[in-house]
Every structure is written in structure tokens, then in C-alpha cells.
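Input: a single structure, listed below in C-alpha cells.
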Amino acid sequence: MQKTSILLVAHVFQKAACEVISRSCSMEVTVAKTAQIIPSIEISKDIGAFVTFSGNYSGVMVINFTGDAALELVTSSLVAMGMPEEDIPSHHLADDVLSSIGELTNHIIGKARADMKTEYDLVAHANIPAVVPVTAPIGLVFKGNGLEGYSCIRLAFSTPQNHHFHMEITLEPALFEKLPE
């Protein structure tokens with residue numbers, strides 16, 4: 001693998017995810033101490049949310065949730081907003097869960113992009129995240145000029161109830177170097 005700045009970007013995205021989940025869901029998630037460099041990204045688990053971003057840096061962010069993790073995050077978020085317990089969805093494929101996961105993903109990519117601007121003075125625009133229920137893993141393949149050699153990384157998270165989800169990021173081949181003053 002060629003040298004890239006995927007670990008720097010992953011760190012920014014990981015911190016953004018933790019901050020958004022803490023604020024939106026009133027819970028602290030744990031991040032694994034190890035990031036995994038992977039050959040490609042995929043939509044997997046029970047629910048996958050993905051969003052593309054492009055600009056000074058370009059790529060895709062995917063967040064894959066087990067049903068239990070998605071339900072725990074969404075339940076905590078809805079309770080924090082004051083939703084009555086009887087109105088809280090009980091199944092991870094309920095429309096309210098899927099739309100809440102989409103909104104959470106949107107907030108995470110927005111925070112990550114803002115933090116990339118602050119940290120590196122680089123900007124990117126993102127589309128609206130897509131959320132899909134998953135019955136079999138869906139690999140994402142990049143085609144076209146210049147899209148070979150994208151770096152891919154996986155970050156693992158767990159909830160307070162020990163449910164798991166992970167973020168996968170792919171980034172165009174890029175190496176960030178600070179300019180001299």
C-alpha cells in the first residue's frame with residue numbers, strides 16, 4: 001500500500017462520530033485501539049449507511065450497524081429528545097430507526113467535514129447519506145480514471161451495552177503535508 005494520510009482522516013472522522021453520538025444519543029461509545037487497513041469497503045451487518053464526499057479530499061464513509069447497536073443508539077437518542085417509551089421503535093428495521101440512523105450519519109459527516117476544515121484547512125462537500133437494510137454484504141468497487149489505489153480503513157466501535165458497529169472510510173490517494181510558514 002502506498003503512503004497516504006488515511007489514518008489522519010480516520011482519526012478526525014472517529015472523533016466526530018464519538019462527539020456526535022455523545023451529543024445526540026447521550027451515550028459514550030468505545031473505539032477499538034486498532035484501526036484496520038482493509039482492501040475495500042462494504043455495506044454489511046444489519047443496517048448500512050453510506051455517504052460520499054468530494055472536494056480537496058474525496059472518498060466514501062460507510063457506517064455498518066448490527067441491529068442491536070442501531071436500536072440502542074436510536075432508542076437513547078429518542079429518549080433524550082423526550083419521546084414517550086411506548087412510541088420508541090422495537091425493531092431495528094422500523095422506519096424511525098432507519099431515518100434516525102440516516103440523520104445520525106448526516107451529523108457525523110457534517111462534523112467530520114467541519115473538523116477537517118479546522119484541522120487541515122481542507123473542504124469537501126457531501127451528499128445526503130443513504131441507509132439500507134442489509135441481508136448480504138455489498139462490496140463497493142470504484143471504477144473510472146484515477147480511482148484505483150484508494151486507501152481503505154475500518155474503525156470498530158461498541159456501545160455501552162456492548163453492541164457493535166464500525167465505520168469504513170475510503171480515501172483517494174493523498175498525503176497531507178503542512179506547508180512551511
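The values are calculated or read from the model by the stated rules, or taken from the named source; none is laboratory data. Just so it is clear, the structure is predicted and the values come from calculations on it, not from any experiment. Cβ placement follows ideal geometry from the backbone for every residue including glycine, while neighbour counts extend to all protein chains displayed.
Please pick out the residue among 55, 82 that is in contact (Cβ under 8 Å) with a residue 40 or more places away in the chain, more than 14 Å from the chain's Cα centre (by Cα) and on the phi > 0 side of the Ramachandran plot.
Only one candidate passes the filter, namely 55.
Somewhere in segment 13-31, is a residue part of a loop (DSSP other than H, G, I, E, B) and over 16 Å from the mean Cα position of the chain (by Cα)?
Yes, some residue in segment 13-31 is part of a loop (DSSP other than H, G, I, E, B) and over 16 Å from the mean Cα position of the chain (by Cα).
Can you go through 122, 73 and tell me which one is closer than 18 Å to residue 19 by Cβ and either in a loop (DSSP other than H, G, I, E, B) or of a type outside the set (D, E, K, R) (or both)?
73
Is segment 104-124 home to any residue that is modelled with pLDDT of 95 or more, in contact with a helix residue (DSSP H, G or I) (Cβ under 6 Å, 6 or more places away or on another chain), hydrophobic (A, V, I, L, M, F, W, C) and surrounded by fewer than 17 Cβ atoms within 10 Å (Cβ to Cβ)?
So far as segment 104-124 goes, yes, one or more of its residues are modelled with pLDDT of 95 or more, in contact with a helix residue (DSSP H, G or I) (Cβ under 6 Å, 6 or more places away or on another chain), hydrophobic (A, V, I, L, M, F, W, C) and surrounded by fewer than 17 Cβ atoms within 10 Å (Cβ to Cβ).
Note down all Cβ pairs under 6 Å where the first residue falls in segment 19-46 and is without any contact (Cβ under 8 Å) to a residue 60 or more places away in the chain, the second is assigned to a helix (DSSP H, G or I), and they're at least six residues apart or on different chains.
Partner pairs satisfying both residue conditions: 26/76; 26/80.
Conditions tested, residue by residue: (1) surrounded by fewer than 16 Cβ atoms within 10 Å (Cβ to Cβ); (2) out of contact with any helix residue (DSSP H, G or I) (no Cβ under 8 Å at 6 or more places or on another chain); (3) at pLDDT 95 or above; (4) closer than 21 Å to residue 140 by Cα.
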{"site": "57", "(1), (2), (3), (4)": "no, no, no, yes"}
{"site": "63", "(1), (2), (3), (4)": "no, no, yes, yes"}
{"site": "70", "(1), (2), (3), (4)": "no, no, yes, no"}
{"site": "84", "(1), (2), (3), (4)": "yes, yes, no, no"}
{"site": "91", "(1), (2), (3), (4)": "yes, no, no, no"}
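Go over the candidates 132, 79, 97 one by one and state the one that is in a helix (DSSP H, G or I) and either surrounded by fewer than 18 Cβ atoms within 10 Å (Cβ to Cβ) or touching a Ser or Thr at 6+ places or on another chain (Cβ under 8 Å) (or both).
Result of the check over 132, 79, 97: 79.
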